[in-house]
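Please read the structure below before turning to the comments.
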């Protein structure tokens, strides 16, 4: 499961339910989520296409409030709406799990939440894809218990971390030496590694 929160959250409004918000009735093209914590994270890696707010009510985009749109490697666009603040800019390349904003109630909204939507493309004639399906959760009101995946640190990860901490002039050679233990390096090289491991 992918999650825009690092913690439990609740789906408060499913996709395609007809809703009336501030006097306007329309099908809901995404899902509304409320988290126990308010930080919003990118659910997949990709490029930020939009990071903006429109305040002109003659422009329909005002209803989204603070919004961040991210295109993933498959070309799908994940839309994060009603943010209190945005933490990324258009053109940024983000990784899954990067902080991109704070849940809020900007635009046409009646309370703090994240409207999450997935589109097949930009512009007129876009198709709204299954937002719940994209996250791997049911499209139904209810609590989602999110357990973040545990990152297993490999030996290569540990070696790279030690080399980074030791600040070698030639990190690639240092990593190779630590992996093979075959290279002849002076004692101060190994002393540096031992110090970085503490």
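The values are calculated or read from the model by the stated rules, or taken from the named source; none is laboratory data. As the structure is a prediction and not an experimental result, all values here were calculated from the model. Using ideal geometry, Cβ is built from the backbone for each residue, glycine included, and neighbour counts are taken over all protein chains shown.
Summary table
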| read-out | value |
| --- | --- |
| Residues being in a loop (DSSP other than H, G, I, E, B) and surrounded by 15 or more Cβ atoms within 10 Å (Cβ to Cβ) - total across the stretch 84-97 | 5 |
| Residue check for residue 29: closer than 16 Å to residue 68 by Cβ, at pLDDT below 95 and not in a strand (DSSP E or B) | no |
| Selected residue (only one of 54, 44 is part of a loop (DSSP other than H, G, I, E, B) and under 12 Å from residue 108 (Cα atoms)) | 54 |
| Some residue of the stretch 149-157 being closer than 29 Å to residue 32 by Cβ, within 17 Å of the chain's Cα centre (by Cα) and assigned by TED's automatic domain parsing to the domain that holds residue 49 | no |
| Any hit, the stretch 59-80, residues being out of contact with any strand residue (DSSP E or B) (no Cβ under 6 Å at 6 or more places or on another chain), without any contact (Cβ under 8 Å) to a residue 60 or more places away in the chain and buried (at least 17 other Cβ atoms within 10 Å of the Cβ) | yes |
| The stretch 81-100: number of residues that are at positive phi and in contact (Cβ under 8 Å) with a residue 40 or more places away in the chain | 2 |
| Boolean, residue 107 is part of a loop (DSSP other than H, G, I, E, B) and either more than 22 Å from residue 27 (Cα to Cα) or out of contact with any helix residue (DSSP H, G or I) (no Cβ under 7 Å at 6 or more places or on another chain) (or both) | no |
| Qualifying residue in the stretch 114-131 (condition: in contact (Cβ under 8 Å) with a residue 60 or more places away in the chain and assigned to a helix (DSSP H, G or I)) | yes |
